[in-house]
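Here is the structure we will look at, set down as structure tokens.
Just so you know, all these numbers are worked out from the coordinates, no wet-lab data involved. Fair warning: this is a prediction, and the values are worked out from it, not measured in the lab. Neighbour counts run over all protein chains shown; Cβ positions are idealised from the backbone, glycine included.
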């Protein structure tokens with residue numbers, strides 16, 4: 001057990017030294033190339049053609065996995081510290097814009113699948129698990145928080161009453177507008193559009209357009225057509 | 001004389017923060033800042049954690065209590081007026097990229113154990129008071145100023161602002177992207193739903209949601225509760 005602890009301490013030291021030395025080298029001075037070359041040794045996985053701008057912060061890198069062609073812009077923070085089972089996985093071709101904050105917190109798996117776009121200053125935080133599907137567009141200032149404070153007892157501080165951690169799923173091909181909030185326990189079906197400023201508190205069926213606080217479905221992108229047939233026809237188109 | 005004194009203070013502040021502000025943890029940055037920032041801040045408690053990349057402007061008007069945590073990208077600006085004050089009491093935690101600006105003759109007071117989430121903005125020029133153990137989620141905006149726009153012939157930007165002030169009492173939870181407008185008081189123990197815009201006072205122990213925020217529930221049980229029970233909370 002103690003040797004395991006020593007290994008993790010050694011890893012943490014290695015991570016700190018490497019990230020501190022390399023994180024702030026300007027991208028123009030081949031900073032990104034240097035970072036991806038040396039970071040490979042401290043990450044759980046780091047694909048090909050990854051582009052990491054300067055002042056991007058990674059914490060607990062042995063639990064962070066980055067796919068091929070991922071782009072991470074300035075000032076982002078990806079933090080997997082807090083529990084030995086934490087994991088953050090970023091799929092191929094994902095774009096993370098500047099100032100994005102992704103943190104696992106406690107026994108959490110955050111998975112972002114391929115070709116998804118995360119806009120500037122978006123926050124994604126556990127401790128519930130979070131899965132964001134393929135090809136999603138998440139606009140600036142959105143917040144995806146897989147935790148809710150309990151507040152049933154008025155004589156105790158809210159901060160002391162613990163939190164829920166049901167988890168959030170956003171399926172493939174969803175577009176979240178500017179400043180959208182997703183609360184804990186929500187599943188957003190495939191192909192949904194969520195209007196700017198909406199607060200999503202309940203599950204949204206696939207191919208819906210939902211807006212407002214709390215978000216209500218105002219339209220379906222597939223009209224009255226049967227969902228099963230529709231997705232089948234899309235699948236056919238894609239194959240052709 | 002007074003002016004040259006304040007100029008010297010500003011010079012001292014620029015020098016100290018410029019030299020130490022970006023030292024990372026591995027180079028003992030937080031330890032050094034904990035020691036040496038004492039010379040430029042109005043008051044500083046014990047074991048304060050200031051991460052690299054924190055910006056403190058007008059430090060001689062900023063007071064930090066024991067155990068305060070300031071994370072990367074936090075910017076606290078007390079410049080602009082000699083009476084400006086930013087006071088963070090014991091154990092306040094300010095997350096990454098939070099912006100706290102006093103602006104003009106303003107006191108911003110954040111009481112013990114309150115948490116302010118990523119990218120939130122707190123700004124004067126009205127006074128802002130946030131109570132004990134509040135939870136302010138990411139991207140929230142607490143702005144103690146509203147633009148006047150009575151005259152359509154003038155630029156709105158030229159018509160001045162209100163500065164009535166904002167009070168958020170103890171034990172409140174503000175969800176993600178909540179906006180609090182100038183002149184509002186949010187009573188103790190209230191919960192404000194994500195995305196809400198609070199334009200009017202909220203009574204204690206309410207749950208309020210929407211734009212504009214409306215009270216939809218109370219956290220108190222239906223039978224009248226013994227007020228002394230509620231007082232326990234303030235003593236804890």
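Across bins of 10 angstrom width beginning at 0, how are the C-alpha pair distances of the protein assembly as shown distributed, in whole percent?
For the protein assembly as shown, the binned pair fractions read 4, 18, 26, 26, 18, 6, 1, 0, 0 percent.
Jot down the per residue volume, in cubic angstrom and as a whole number, of the convex hull over the alpha-carbon atoms of region A:1-50.
Dividing the Cα hull volume of region A:1-50 by its residues yields 57 Å³.
Taking the Cα-to-Cβ direction at residue B:47 and at residue A:29 and moving 7 Å from each Cα, how far apart do the two end points lie in nm?
Using points 7 Å along Cα→Cβ, the separation is 3.7 nm.
For an R0 of 51 angstrom, estimate the FRET efficiency from the Cβ-Cβ distance between residue B:12 and residue A:218 and round to the nearest 0.05. Please list the in-between numbers first.
Values: r = 58 Å, r/R0 = 1.13.
After rounding to 0.05, the efficiency reads 0.30.
Counting C-alpha atoms alone, how compact is chain B: give Rg to one decimal and Dmax as a whole number, in angstrom.
Cα radius of gyration and Dmax of chain B are 19.1, 63 Å respectively.
Compute the distance in nm between two label points, each set 7 Å from the Cα along the Cα-to-Cβ direction, one at residue A:17 and one at residue B:81.
For residue A:17 paired with residue B:81, the spin-label model returns 5.2 nm.
What Kirkwood hydrodynamic radius do you get for region B:38-93 when you take the inverse of the mean 1/r over all pairs of distinct Cα atoms, in Å?
That comes to 11.2 Å for region B:38-93.
Take the alpha carbon atoms of region B:84-125, find their radius of gyration, then divide it by 2.2 N^0.38 Å using N residues; give the quotient.
After normalising by residue count via 2.2 N^0.38 Å, the value is 1.11.
Extending each Cα 7 Å along its Cβ direction at residue B:162 and residue B:220, get the distance between those two points in nm, one decimal.
2.7 nm
Please arrange A:21, B:44, B:76 by counting, for each residue, the other beta carbons lying within 10 Å of its beta carbon, fewest first. Present the calculation step by step, with values, prior to reporting the outcome.
Working: A:21 14, B:44 21, B:76 24.
Arranged by neighbour count, lowest to highest, A:21, B:44, B:76 become A:21, B:44, B:76.
If you rank A:208, A:55, B:47 by fewest surrounding Cβ atoms within 10 Å, what's the result? Spell out each step's value before the answer.
On the way: A:208 23, A:55 20, B:47 11.
So the ranking, lowest neighbour count to highest, is B:47, A:55, A:208.
Kirkwood Rh, Cα Rg: Rg to Rh for region B:1-123?
That ratio equals 0.94.
When you look at the Cβ of every residue in B:187-199, what mean number of other chain Cβ atoms sits within 10 Å?
Values: counts 0, 1, 6, 2, 3, 0, 6, 14, 13, 2, 2, 0, 0.
Per residue, the number of nearby Cβ atoms from other chains is 4 on average.
Over region A:2-182, what lengths in whole Å, largest first, do the semi-axes of the equivalent ellipsoid take, defined as the square roots of 5 times the eigenvalues of the alpha-carbon gyration tensor?
The answer is 28, 22, 14 Å, longest axis first.
Between residue A:111 and residue A:202, what is the FRET efficiency for a Förster distance of 25 Å, r being their Cβ-Cβ separation, to the nearest 0.05?
Between residue A:111 and residue A:202 the formula returns 0.65.
Counting other beta carbons within 10 Å of each residue's own, what order do A:224, B:158 fall into, fewest first?
The fewest-first ordering by Cβ neighbours comes to A:224, B:158.
To the nearest 10 degrees, how steeply does helix A:227-239 sit against the main Cα axis of chain A, on a 0 to 90 scale?
So the helix axis and the longest Cα principal axis differ by about 50 degrees.
Can you give the Rg to Rh ratio of region A:90-170, both from alpha-carbon atoms, with Rh computed by the Kirkwood formula? Each step should come with its number before you reach the end.
Details: Rg = 14.3 Å, Rh = 13.4 Å.
Rg divided by Rh gives 1.07.
Please report the relative contact order for chain A, taking Cα pairs under 8 Å with a sequence separation of at least 6, and give it as a percent rounded to a whole number.
Averaging sequence separation for qualifying contacts and normalising by length gives 9 percent for chain A.
Please compute the contact order of region B:1-132 in relative form: average sequence separation of alpha-carbon pairs under 8 Å and at least six residues apart, divided by the residue count, as a percent. Display every interim value, and only then the final one.
Numbers: 330 pairs, mean separation 21.7, N = 132.
RCO, region B:1-132: 16 percent.
What is chain B's relative contact order, in percent, from Cα pairs under 8 angstrom and six or more apart in sequence?
9 percent
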